[in-house]
Amino acid sequence: MTTPTALLADDEDLPRAELRRMLAAAWPELQILAECEHGPAAVEAIEKLNPDIAFLDIRMPGLSGLDVARAASGRCHTVFTTAYDSHAIEAFDAGAVDYLLKPIVAERLAQTVARLRERLAARAQAPELDHLLQRLGTQFAQRDPATRLRWISASVGDTIKMFGIDEVLFFQSDEKYTRVVTSNDEAHVRKPLKEIAEGLDGELFWQVHRGCIVRASAIARAHRDELGRITLHLRDHAERLAVSQAYAWRFKPM
């Protein structure tokens, strides 16, 4: 049997390190391929490394663990780590995914490891999670609304421009800056895209590339070429936005 592999995704260093330590004790042969501090990095690592298992914190900046699980659906087995109480946990279908309630206890982790070992030994196909994740998505908010961005301020010469977050069509990384684009204006801010992502509502703004986040309602259509590459056409802007393969799952036909 090949060596089992996993990815850990949690934006907090201590819980991530503790899970790594506990897994080393409970499952010594498990190889940790990557540790990710936010959702977009986890999506890209799954795309690149193809782990057998993804341990995902539900609440992460940029993309929630639920969003990452959508990208991983059918590709790897998923285990959610969460600090939500047991009542909320009832939403999970343990037959499709597993969960670890923080703080993680050794006995509960041992149960999860045993189930994962059985699935891998039986060469069980990783389940498609779209239906389950749709149900879960209505129950878990990605971020506290009080922490979300309302305005973006950008300096242009001697002028400070103010953009309401509802005006923004997309954010795009541009070297040390982030480009903020509306239907009739744009500016650059001295804040990395990763930090901006932490203040955005993941239901309204979609990461479509490592360097681009777009307002979902601003997308008019997505075009797929003969090589499978996806390009977005916007409603109120002539610019075309490329979608990387890691985020193509967002545009699967319903």
Folded to 0 to 90 degrees: helix 13-26 orientation relative to the chain principal axis, Cα: 20
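Which of rounded, prolate or oblate describes segment 5-140 when judged by the alpha-carbon gyration tensor and an a/c cut-off of 1.5?
The shape class here is rounded.
For the chain, what does the accessible surface come to per residue with a 1.4 Å probe? Please give it in Å². Could you put the intermediate results ahead of the total?
Numbers: 13290 Å² over 254 residues.
Solvent-accessible surface per residue comes out at 52 Å².
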Any residue on another chain or 5+ positions along whose placed amide H is under 5 Å from the amide H of Leu63 is listed here as Gly39
Environment charge at His223 (Cβ cut-off 12 Å; Lys +1, Arg +1, Asp -1, Glu -1): +2
Cα-based Rg / Dmax (Å) for the chain: 19.4, 65
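Can you give the FRET efficiency for Glu128 and Phe251, using 1/(1 + (r/R0)^6), R0 = 22 Å, r = Cβ-Cβ distance, to the nearest 0.05? Working shown, then result.
Details: r = 17 Å, r/R0 = 0.76.
E(calc), rounded to 0.05, equals 0.85.
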Please identify the longest segment of the chain free of exposed GluC sites (Glu not before Pro), where exposed means a DSSP state other than H, G, I, E or B and no more than 14 other Cβ atoms within 10 Å. 30-89
Spelling it out for Tyr99: with amide H atoms placed in the peptide plane at 1.01 Å from N, the residues 5 or more places away or on another chain with amide H under 5 Å from its amide H are Phe80
Listed residues Ala242, Trp151, Leu200: farthest to the positive end of the dipole of segment 151-250 (Cβ charges): Ala242
Take the solvent-accessible surface of the protein heavy atoms, probe 1.4 Å, and return the percent of it on the chain that carbon and sulfur atoms account for. 50
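Once you charge only the Cβ atoms, +1 for Lys and Arg and -1 for Asp and Glu, what is the size of the charge dipole of the chain about its Cα centre, to the nearest 20 debye?
Working: 32 positive and 37 negative charges, 84 e Å.
It works out to roughly 400 debye.
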Compute the acute angle (0 to 90°) between the alpha-carbon long axis of helix 106-121 and the principal axis of greatest extent of the alpha-carbon atoms of the chain; round to the nearest 10°. 90
Cut-off under 5 Å, modelled amide H: who pairs with Asp174 long-range: Arg179
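Can you bin segment 151-250 into rounded, prolate or oblate? Criterion: square roots of the alpha carbon gyration tensor eigenvalues sorted a ≥ b ≥ c, rounded for a/c under 1.5, prolate for a/b above b/c, oblate for the rest. Display every interim value, and only then the final one.
Values: a/c = 1.94, a/b = 1.72, b/c = 1.13.
Because a/c hits 1.5 or more and a/b exceeds b/c, segment 151-250 counts as prolate.
The values are calculated or read from the model by the stated rules, or taken from the named source; none is laboratory data. From a predicted model like this one, the values you see are computed outputs, not experimental measurements. All Cβ positions, glycine included, derive from the backbone under ideal geometry; neighbour counts span all protein chains shown. The protein model used for the area step is the full one, side chains on, heavy atoms only, and it has no ligands, DNA or RNA in it. Shrake-Rupley method; radii C 1.70, N 1.55, O 1.52, S 1.80 Å.
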